[in-house]
Amino acid sequence: MRLPVVTVLIFSAVIHADDSSHPFRGYSSANAASEAAWEHKFRDIPDRDRLRQNMQRLSARPHHVGSPYDKDNAEWLLVQLKSYGLDARIETFSTLFPTPKARLLELQGPAPYKAKLQEPALSIDPTSGQTAEQLPPYNAYSRDGDVTAPLVYVNYGRPEDYEVLDRHGISVKGAIVLARYGESWRGIKPKVAAEHGAVGCILFSDPADDGYGDGDPFPAGPTRPPDGVQRGSVMDMPLYPGDPQTPGIGAVEGVKLIPLDQVQTITKIPVLPISYADATPFLRALRGDTAPGNWRGALPLTYRLGPSEAKVHLAVSFNWDRKPLYDVIARIEGARFPDQWIIRGNHHDAWVNGAEDPVSGASPELEEARALGELLHQGWRPARTIIYCFWDGEEPALLGSTEWAETHAEELKQHAAVYINSDANDRGYLSVGGSHSLENFINEVAPEITDPETQMNVWKRAKLVRISQANGKDRDELWSRPDMRIGALGSGSDFSVFLQHLGIASMDLGYGGEDEGGQYHSIYDDFYWYTHYSDTDFSYGRALAQTVGTIVLRLADADVLPFQFTDLADTVQKYVTELKTLASDRRDEAKERNREIDEGVYDALRDPKKTLVAPPQEQIPPFLNFAPLEQASDDLSIAAQAYDKAFEKAAATAPAELNTDLLRSERLFLDEKGLPNRPWFQHVLYAPGFYTGYGVKTVPGVREAIEQKKWNEADEQMKRAATAIEKEADLLKQAKSLLTKTSVQ
């Protein structure tokens, strides 16, 4: 599901496996030497030819949820894992997965047009012609609907775009909106449109964002061709992911289902995606003001806001069936700490053939599993239990991972130490997001991996690329901060249930940034496209297997879990500063806007040939009480520094029971009441934004209350976040006391 773009990542490190005076964090010197030897053996095993063969097999046919080849792939994965000597099984769930029954989009009026709503097969691309097995372009979890109305262009369909329409005196009430993909997750666009009274939503890929603006269209180049369409879910996953009819409960046989008419995550209006070839006649039909400069795409026409004089007819209906999910789960039992689990996952389902999304990540994961099997044959045994997962149903709604984790929630709360996720993988630079207690750890691991293009280590390459893109204080920090920051996790892949619902420390990583094209969720995301335009020789697939496999080994074999908390505390301090700045900026913006209205700025800007509506006067935001959050973040910083100082002194003799405290450290950031209006999301530091979807909101309860001008809620959320942070500080004090006691003995 994750978009094939590079997110935030970069690291630095000072500890290396060949420096015996600085063993790996959480290792005694003796165990670090043994670990380095096993890791070196592991990194030699992943094979590019096998990666290629894996992709060719897994992406040979369309394999969406409920399709024959989806099940066939799961069974093939099971056979492979067992052949490596792993204890593997398939766990099956049942979930709501609607498929299209009827789709119609037509422009009425003097220049009628009926949208093709189909991607053409290309003779040069062998699997693009598997029409009978392909899901046609559609948006899953759109409601059924048949509406006829004028059309309004809403840019990316974000809340701020509707503020621009308000300034132009345009309402979408009773209209169908036309929104381009990008800048927010697709499910946000119909959600916001419905909130403003629209009756339907059309999504299209503008070539400026996802086409010839970035290179030649396929098959001459990698980008989306004129008739290419992005499929995808529009379920309101910021409320909760997973099976819409079983929120918070595993979708196993006999579970009670919410009636369809009571499900809150299905859209309120019908939605349909189209190509930019199909979008062109609809854009030409718009009347009204010319769209602002940053609303204009790359099509050779005048972008207007609308409404259209001609009406648009949109009709969609779906088969609201429940389909089977096939999660493939492999397990390697730990020798010393079998009740502490390191979990690794990547999904195997796709919207169509899915070579990039997800097979470019699933194929390396399979090579990791094979390499671990080879180490087992050579006598290695992990200290902790390792669980490898190939999820089904990620594309529609993170279905397989969510249903598995909800089913096994109590076990996971007791035993899961870390979850490591990947998804689409391409050629380029390493990108990592995750729990900030793992930031120092990934800074330690990344320099062990060689970049296949430059032969420098992947940490160094990523750092230098980031420096080239940074300015001012950001660049200074990249040069000076010992550990480079990792991004926070929002949503868009299978880590969500582990981190944001169960409080399991998590990370999500992959390579990308070079030669990525616009075949995301189309029939052209296939073996032919990937082997011509992405990681053509699978060098970065091998690098991903080496990277994640090293992470798994290092975590599984550590004497003490290598969590570090000063980076976490520094990040929390950064978030508090951002929140204070956000509140101050909102206050200043309101003052300035009110002054402009009072002084007649909008009167001065009036053009009798255009519409310009002044915004309403706004109440000046109050000063918020940040004291609880500031106190908690300071307490966390002090406790983290004391813990890490004690850990440095007592690392070699740290008691194994320290792992029990560390394992639950991420859990303490959960608030059992959850976020306002979406209790499934319980993490006080990280959540997908209510109006961004994929994009993360840090300290989300507070941040979104400020953004949505809910001042009383902001104060309440401040206290709840502070309470969770104080619990983390108390845990670190307890852990520090345990270390101090051990060092004295």
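Figures for the structure shown
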quantity: For PHE681, distant residues with modelled amide H under 5 Å away; calculated: LEU675
quantity: Whole-percent pair-distance distribution, where bins are 5 Å wide, for the alpha carbons of region 188-343; calculated: 2, 7, 11, 14, 14, 12, 11, 9, 7, 6, 3, 2, 1, 0, 0
quantity: Prolate/oblate/rounded call for region 475-531, Cα gyration tensor, a/c under 1.5 rounded; calculated: oblate
quantity: Cα-projected label distance for ALA220 with ALA37, points at 7 Å along beta-carbon direction, nm; calculated: 5.8
quantity: Cut-off under 5 Å, modelled amide H: who pairs with TYR686 long-range; calculated: VAL699
quantity: Fully extended contour minus Cα-Cα distance, from ASP339 to GLN708, at 0.36 nm per residue; calculated: 128.5 nm
quantity: ³J(HN,Hα) computed for each position of region 278-287 - Karplus, 6.51 cos²θ - 1.76 cosθ + 1.60, integer Hz, glycine/proline x; calculated: 5, 6, 4, x, 5, 5, 5, 7, 6, 10
quantity: Alpha-carbon gyration tensor eigenvalues x 5, square-rooted, for region 522-594, Å; calculated: 42, 29, 7
quantity: Relative contact order [Cα under 8 Å, 6+ residues apart], the chain, whole percent; calculated: 19
quantity: Per-residue HN-Hα couplings for region 111-116 [Karplus 6.51, -1.76, 1.60; θ = phi - 60°; Hz; x = Gly/Pro]; calculated: 10, x, 8, 10, 5, 6
quantity: Cβ-derived FRET efficiency at R0 30 Å, ASN625 paired with LYS741, nearest 0.05; calculated: 0.20
quantity: FRET efficiency for GLN734 and SER29, using Cβ-Cβ distance with R0 set to 35 Å, rounded to 0.05; calculated: 0.85
quantity: From phi via Karplus (6.51, -1.76, 1.60), per-residue ³J(HN,Hα) for region 561-577 in Hz, x at Gly/Pro; calculated: 3, x, 6, 9, 10, 6, 5, 4, 4, 4, 5, 4, 4, 4, 5, 5, 4
quantity: Heavy-atom accessible surface of the chain: percent carbon and sulfur, 1.4 Å; calculated: 49
quantity: Cross-link pairs beyond the 31 Å C-alpha cut-off, checked among LYS591/LYS697; LYS82/LYS736; LYS41/LYS463; LYS460/LYS574; calculated: LYS82/LYS736
quantity: DSSP bridge pairs, the chain: antiparallel proportion in percent, nearest 5; calculated: 60
quantity: Equivalent ellipsoid, region 193-272 (semi-axes from 5 times Cα gyration tensor eigenvalues, Å); calculated: 35, 17, 9
quantity: Point-charge dipole on Cβ atoms (K/R +1, D/E -1) for the chain, about Cα centre, debye to 20; calculated: 960
quantity: Where labels lie 7 Å past Cα in the beta-carbon direction, separation of GLU657 and THR450 in nm; calculated: 4.6
quantity: Centroid-to-centroid separation of region 611-663 and region 682-707 [C-alpha atoms, Å]; calculated: 15
quantity: Potential extension, LEU612-THR290 segment - 0.36 nm per residue separation minus Cα distance; calculated: 114.7 nm
quantity: Accessible area per residue, Å², the chain with all protein chains present, probe 1.4 Å; calculated: 36
quantity: Angle between the chain longest axis and helix 711-744 axis [Cα atoms, degrees, rounded to 10]; calculated: 10
quantity: In nm, spacing of pseudo-spin labels at LYS649 and GLU599 (7 Å Cα→C-beta vector); calculated: 6.0
quantity: Contour excess over end-to-end distance, with Cα ends at ILE467 and ASP87 and 0.36 nm allotted per residue; calculated: 132.4 nm
quantity: Förster radius 56 Å - calculated FRET efficiency between THR148 and ASP49 (Cβ-Cβ, nearest 0.05); calculated: 0.55
quantity: Normalised convex hull volume, region 303-359, alpha-carbon set, Å³ per residue; calculated: 254
quantity: Built amide H within the under 5 Å cut-off of HIS347, gap 5+; calculated: TRP391
quantity: DSSP-loop trypsin sites (Lys or Arg not before Pro) across region 641-701, with at most 10 other Cβ within 10 angstrom; calculated: LYS673
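The values are calculated or read from the model by the stated rules, or taken from the named source; none is laboratory data. Just so you know, these numbers come straight off a predicted model, no measurement behind them. All Cβ positions, glycine included, derive from the backbone under ideal geometry; neighbour counts span all protein chains shown. Keep in mind that these areas ignore ligands, DNA and RNA; they rest on the heavy atoms of the full protein, side chains included. Shrake-Rupley method; radii C 1.70, N 1.55, O 1.52, S 1.80 Å.
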